[in-house]
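These notes concern the structure reproduced below.
The values are calculated or read from the model by the stated rules, or taken from the named source; none is laboratory data. Nothing here was measured: the structure is a model prediction, and the numbers come from that model. Please note: Cβ atoms are built from the backbone with ideal geometry, for glycine as well, and neighbour counts cover all protein chains shown.
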Amino acid sequence: MSITEVSVEATPSFAVGVSEVDRVLGGGLVPGGVTLLGGEPGIGKSTLLLQVAAGVASGGRRVLYVTAEESAAQVRLRAERLGAVVEGLWVVAETSVSRVIELLDEVNPDLVVVDSVQALVAPELGSAPGSVAQVRECAFRLVTEARSRQMATVLVGHVTKDGSLAGPRVLEHVVDTVLSFEGDRHGGLRLLRASKHRFGSTAEVGVFEMREQGLRMVPDPSGMFLADRRPGVSGSVVAAVLEGRRPLLVEVQALVGASNSPSPRRTAQGLDTGRLALLLAVLERRVKLGQLGSSDVHTLAVGGVRLGEPGADLAVALAVASALSDVPVPPHVVVFGEVGLTGEVRQVGRADERIAEAHRLGFTTVVGPAGTGTPVGTLAEAMDILGLH
């Protein structure tokens, strides 16, 4: 077929009834599409998917929830706690992929949830559950059924110690969407991101709060991140960052202390350690804060969020400078900007939205690159304005 004859009709999708999930998926799940959801143990993947399954079933569609790691009674107890006991949601405790495929003929679901694909087995292979051969075979069978039946499918995947999806890499290639569910297991914040999405953008992020009754959508993440902030304390700076397409205000904290070791410690929780090392080198050489070389430096992005974009550079550097000088940054100040190796403050994307978010929450001064209310050209200028030398 000539490419000029290929239809460009939009792929239909249906909402799952959980607004933050629909946001990340660009409207909802696609019939025939396969989604892989990864996350650390205990982070709330099963809770999220049970709420999604109940939302889809409440909309009049049939859902088959395959639990390969728990009993059906355990799923029922969780569903009662979450308010997810609804008609149209079918549950089966099964580990054989052949039996799961047989059940598809009986239930004829619009959505299948498999928790988890590593726990399924193809009995004829003879290898242990979770082996590369088993995961590959089970995934291929489920993907084939999803395509032929035009049935949306969600697979739960385990992750390794470094946070990447366990199992063969082919697992990520055969699915249409790869989602990651992140957060601090001991905190309430959860973030849902898409690293691959054939039906839409990967720039959105969903924000949830884990509660006893399940996951609650967070309409104002910035307010949540700043709820416990203590103004007037050195080492604390509010950064205007982007999570996907969302502008967020996040508190960045730093603590600097004398080191008793010839190799001072550098810790970065929620921040990139390599980026922190770069910023400390700029502070030492370009701003002449030589005492950092013999000091322990600890940094933290409050709330369990992970800041990976360069727009957080200026906030991290100023938080370290504030902690070292023991001079607090004024509580009405928000900062953002990328810091280069020569100490310059560089432009970052979507500055207008960051500034608007700061003003919405009552901050009166925005320090950053050209175009902000208080523009600065270098890191040294920003420190001078805030009195951190």
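Just to be sure before I move on: is Ala139 closer than 20 Å to Gly28 by Cα and surrounded by 17 or more Cβ atoms within 10 Å (Cβ to Cβ) in the structure I sent? Taking the combined requirement at face value, the residue does not satisfy it. Checking each residue of the range 135-150 against the condition of being farther than 26 Å from Arg76 by Cα, modelled with pLDDT of 90 or more, in the same structural domain as Leu64 (by TED's automatic domain parsing) and in a loop (DSSP other than H, G, I, E, B) gives at least one match.
Can you confirm whether the range 112-119 contains a residue that is of a type in the set (A, V, I, L, M) and free of Cβ contacts under 8 Å to residues at least 40 places away in the same chain? Walk me through it before giving the result.
Taking the range 112-119 first, the residues of a type in the set (A, V, I, L, M) are 112-114, 117, 119.
Then drop every residue that is not free of Cβ contacts under 8 Å to residues at least 40 places away in the same chain, which leaves none.
No, the range 112-119 contains no residue that is of a type in the set (A, V, I, L, M) and free of Cβ contacts under 8 Å to residues at least 40 places away in the same chain.
Taking the criterion of being within 13 Å of Val333 (Cα to Cα), of a type in the set (Val, Ile, Thr) and crowded, with 19+ Cβ neighbours inside 10 Å, the residues of the range 351-382 that qualify are Ile355, Val366, Val367, Thr372. Counting only residues that are within 19 Å of Arg354 (Cα to Cα) and not in a strand (DSSP E or B), the range 230-274 holds 2 of them.
Among strands (runs of 3 or more DSSP E) lying entirely in the range 278-389, which contain 3 or more residues that are closer than 19 Å to Val256 by Cβ? I'd like the intermediate steps shown before the answer.
Numbers: elements: 295-301, 333-335, 365-368.
Filter on the range 278-389 gives 295-301.
Screening Ala119, Ala73, Ala128, Ala146 for residues that are within 25 Å of the chain's Cα centre (by Cα) and not charged (D, E, K, R) leaves exactly one candidate, Ala119.
Name every residue in the range 113-127 that is hydrophobic (A, V, I, L, M, F, W, C), within 20 Å of Val170 (Cβ to Cβ) and in contact with a Leu (Cβ under 9 Å, 6 or more places away or on another chain), in order of residue number. Selection gives Val114, Val117, Leu120. Residue pairs whose Cβ atoms lie under 8 Å apart, separated by 6 or more positions or on different chains, with the first residue in the range 121-133 and without any contact (Cβ under 8 Å) to a residue 12 or more places away in the chain and the second part of a loop (DSSP other than H, G, I, E, B), are Ala133/Ser127.
Return the residue satisfying two criteria in turn: it lies in the range 120-129 and is outside any helix (DSSP H, G or I), of a type outside the set (Val, Ile, Thr) and in contact with a strand residue (DSSP E or B) (Cβ under 9 Å, 6 or more places away or on another chain), and of such residues it is surrounded by the most Cβ atoms within 10 Å (Cβ to Cβ). Explain how you work it out, then say what you get.
Residues of the range 120-129 that are outside any helix (DSSP H, G or I), as a first pass: 120-122, 126-129.
Checking which are of a type outside the set (Val, Ile, Thr) leaves us with 120, 122, 126-129.
The next check asks that each one be in contact with a strand residue (DSSP E or B) (Cβ under 9 Å, 6 or more places away or on another chain); those that pass are 120, 122, 127-129.
Details: Leu120: 28, Ala122: 19, Ser127: 13, Ala128: 9, Pro129: 15.
Out of the qualifying residues, it is Leu120.
Starting from residues that are basic (Lys, Arg) and surrounded by fewer than 13 Cβ atoms within 10 Å (Cβ to Cβ), keep the ones in the range 211-250 and report whichever is nearest to Gly17 (Cα to Cα). My answer is Arg211. Those residues that are out of contact with any Gly (no Cβ under 8 Å at 6 or more places or on another chain), touching a residue at least 40 places away in the same chain (Cβ under 8 Å) and in a loop (DSSP other than H, G, I, E, B), I need them from the range 12-52; list them, please. Within the range 12-52, Val30, Pro31, Gly32, Gly33, Pro41, Gly42 meet the criteria.
Looking only at residues in the range 82-114 that are under 17 Å from Val18 (Cα atoms) and not in a loop (DSSP other than H, G, I, E, B), the one that is modelled with the lowest pLDDT is Leu82. The residues of the range 55-75 that are farther than 20 Å from Val117 by Cα and surrounded by 14 or more Cβ atoms within 10 Å (Cβ to Cβ), listed by number, are Gly55, Val56, Ala57, Ser58, Gly59, Arg61, Arg62. Of everything in the range 172-195 that is in contact (Cβ under 8 Å) with a residue 24 or more places away in the chain and surrounded by fewer than 15 Cβ atoms within 10 Å (Cβ to Cβ), the residue that is nearest to Gly157 (Cα to Cα) is Arg185. The selection criterion, being in the same structural domain as Phe140 (by TED's automatic domain parsing), modelled with pLDDT under 95 and not in a helix (DSSP H, G or I), holds for Glu69.
For (1) in contact with a Phe, Trp or Tyr (Cβ under 8 Å, 6 or more places away or on another chain); (2) more than 28 Å from Lys196 (Cα to Cα); (3) not hydrophobic (A, V, I, L, M, F, W, C), each residue gets a yes or a no:
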{"residue": "Val6", "(1), (2), (3)": "no, no, no"}
{"residue": "Val21", "(1), (2), (3)": "no, no, no"}
{"residue": "Ala57", "(1), (2), (3)": "no, no, no"}
{"residue": "Leu64", "(1), (2), (3)": "yes, no, no"}
{"residue": "Ser71", "(1), (2), (3)": "no, yes, yes"}
{"residue": "Ala93", "(1), (2), (3)": "no, yes, no"}
{"residue": "Arg99", "(1), (2), (3)": "no, yes, yes"}
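So, in the range 2-11, of the ones that are under 30 Å from Ala57 (Cβ atoms) and loosely packed, with under 11 Cβ neighbours inside 10 Å, which residue ends up farthest from the chain's Cα centre (by Cα)? By that ranking, first place goes to Glu9.
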